[in-house]
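For reference, the structure I am asking about is given below.
The values are calculated or read from the model by the stated rules, or taken from the named source; none is laboratory data. Keep in mind the model is a prediction, meaning the values are calculated, not measured. Cβ placement follows ideal geometry from the backbone for every residue including glycine, while neighbour counts extend to all protein chains displayed. Ligands, DNA and RNA are stripped out before the accessible areas are found, and what is left, the full protein with its side chains, is counted by its heavy atoms. Shrake-Rupley method; radii C 1.70, N 1.55, O 1.52, S 1.80 Å.
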Amino acid sequence: MQLLNSQKKTWFILSLFLVLLLIAAYISFTPEEKQHVPFMSDSPSPTGVKAFYTYLGGEYKSVQRWNYSPDLLPDSSNNVLFLIGVGSLGNSDELMYYEQFLKNGNTIILLKDNPANLFSLQVKSSDTSSNIVNTLSDYKERTYSAEITSPYRLVLNEERDELLLQDEYGVVALKRQYGNGSLIVVNSSSWVTNRTILQQDHIPILVTLLKELEEPNAIYFNDYVHYPNTSYWEVYPTWFILLLLHSIIIVFLWLLHKGKRFGTIITPREEMVRFSDESIRALSAWYIRGNKYVESLQYQASYVRAIMQEKWGIATYKEWEDVQQRIEEKCSKISNKELASLLNQLPKVLQSKSLTKKEYLTWSKKIDQLRKEVEE
């Protein structure tokens, strides 16, 4: 009863400790303001493009978010993919998938302040500061007012590229053919952000660019390129990490309470040194030098009778011939004939006055064989 009360007290203390940890963690935890990744189509922050995404959703029949790697892009044609403010397009294999998407008869609209080295594009410095409002003109000599955020201008490849927009400093937007598809590049990614979408003529410019294309089957906003690289711990919520930590502490304390110890398995000493211990060797040598063969056999026989009583329940005070039948029932490796010979002659040997060394070794071997039978 006292032991039961002690265990209940221990579990109560551990449970109370866990509750106190949870309360302290809840009090000290301050939820951080959600950080929105720039240019994400579901981001309502000033740097997101949710407003533009929602606007196109009302103008076109199919506007979707693309959250997968480029190797899964649809094989169909006449689709539009927005790449807005991308840092890079991954490795050369991923860029190859985008190019294959273009060659299949689709369109990619790339909005990036400095698109150099993407799709073999080249830029030049415009020698002007960013965030200035410029007057743009297109190939139809229509004029627009727009905020230019990039100090770079696109380099037009007259053999492959078509001019779409320019200002006094150079090319702002161009169109390049890729197989059956086309790549539209704009050097100002801020036009589509929630902060500036309604400023100047940003919406008319973007709508004009889209009208250059046929009615698309689907418009995709590529959010995959904006996913941040997160660690394993950032994937799990804070409450789960705290619960996991507290569980580890509780299990550790429970193991300590149960007396568990961790380490290598220690082999009992008697198993390693039983036949190599110096005292046993010295005692054996003393018996041999003193010709005390009979006394040595008597000690061996007494030991065998002791373990017979322990293992098989055969009393030590009974004579060998009285327990012969019980021993024969227990032994499996020694034949009954050998046991009968051993048990009939052993009492006479143990009562002998002297033995030769050869006789001693023979009987010692027989007794040891019987000992192994009992111990195993």
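Being touching a helix residue (DSSP H, G or I) at 6+ places or on another chain (Cβ under 7 Å), part of a loop (DSSP other than H, G, I, E, B) and touching a residue at least 24 places away in the same chain (Cβ under 8 Å) narrows it down to one residue among ILE184, ILE197; which is it? Walk me through how you get there before you give the answer.
Working: ILE184 fails: part of a loop (DSSP other than H, G, I, E, B).
Answer to the selection: ILE197.
Would you mention how many residues in segment 1-58 are at pLDDT below 65, assigned to a loop (DSSP other than H, G, I, E, B) and either farther than 29 Å from TRP239 by Cβ or of a type in the set (Lys, Arg) (or both)?
2
Now a separate question. Going through segment 299-323 one residue at a time, which ones are free of Cβ contacts under 8 Å to residues at least 60 places away in the same chain, open to solvent by less than 80 Å² (accessible area, probe 1.4 Å) and not charged (D, E, K, R)? Quick ask: steps written out before the conclusion?
Looking only at segment 299-323, we keep the residues that are free of Cβ contacts under 8 Å to residues at least 60 places away in the same chain, and these are 299, 302, 305-306, 309-310, 313-323.
Retained after the next criterion (residues that are open to solvent by less than 80 Å² (accessible area, probe 1.4 Å)): 302, 305-306, 313-316, 320, 323.
Across segment 299-323, the qualifying residues are SER302, ALA306, GLY313, ILE314, ALA315, THR316, TRP320, VAL323.
Only one of (1) out of contact with any Phe, Trp or Tyr (no Cβ under 7 Å at 6 or more places or on another chain); (2) without any contact (Cβ under 8 Å) to a residue 40 or more places away in the chain; (3) surrounded by 13 or more Cβ atoms within 10 Å (Cβ to Cβ) is not met by LEU343, so which one is it?
(1)
While we're on this one: Condition test on ASN79, is it in contact (Cβ under 8 Å) with a residue 60 or more places away in the chain and touching a Pro at 6+ places or on another chain (Cβ under 7 Å)? Break it down stepwise before answering.
Values: in contact (Cβ under 8 Å) with a residue 60 or more places away in the chain: yes; touching a Pro at 6+ places or on another chain (Cβ under 7 Å): yes.
Answer is yes for this residue.
Would you check if there is a residue in segment 158-168 being over 30 Å from PRO74 (Cβ atoms), of a type in the set (A, V, I, L, M) and touching an Asp or Glu at 6+ places or on another chain (Cβ under 9 Å)?
Within segment 158-168, the first condition is being over 30 Å from PRO74 (Cβ atoms), and the residues that meet it are 158, 166-168.
Then drop every residue that is not of a type in the set (A, V, I, L, M), which leaves none.
No, segment 158-168 has no match at all.
Quick one: count up the residues across segment 141-171 that are touching a His at 6+ places or on another chain (Cβ under 8 Å) and either crowded, with 18+ Cβ neighbours inside 10 Å or of a type in the set (Val, Ile, Thr) (or both). Lay out the reasoning, then the answer.
Step one: of segment 141-171, the residues touching a His at 6+ places or on another chain (Cβ under 8 Å) are 146-147.
Now drop any that are not either crowded, with 18+ Cβ neighbours inside 10 Å or of a type in the set (Val, Ile, Thr) (or both), which leaves 146.
Matching residues across segment 141-171 total 1.
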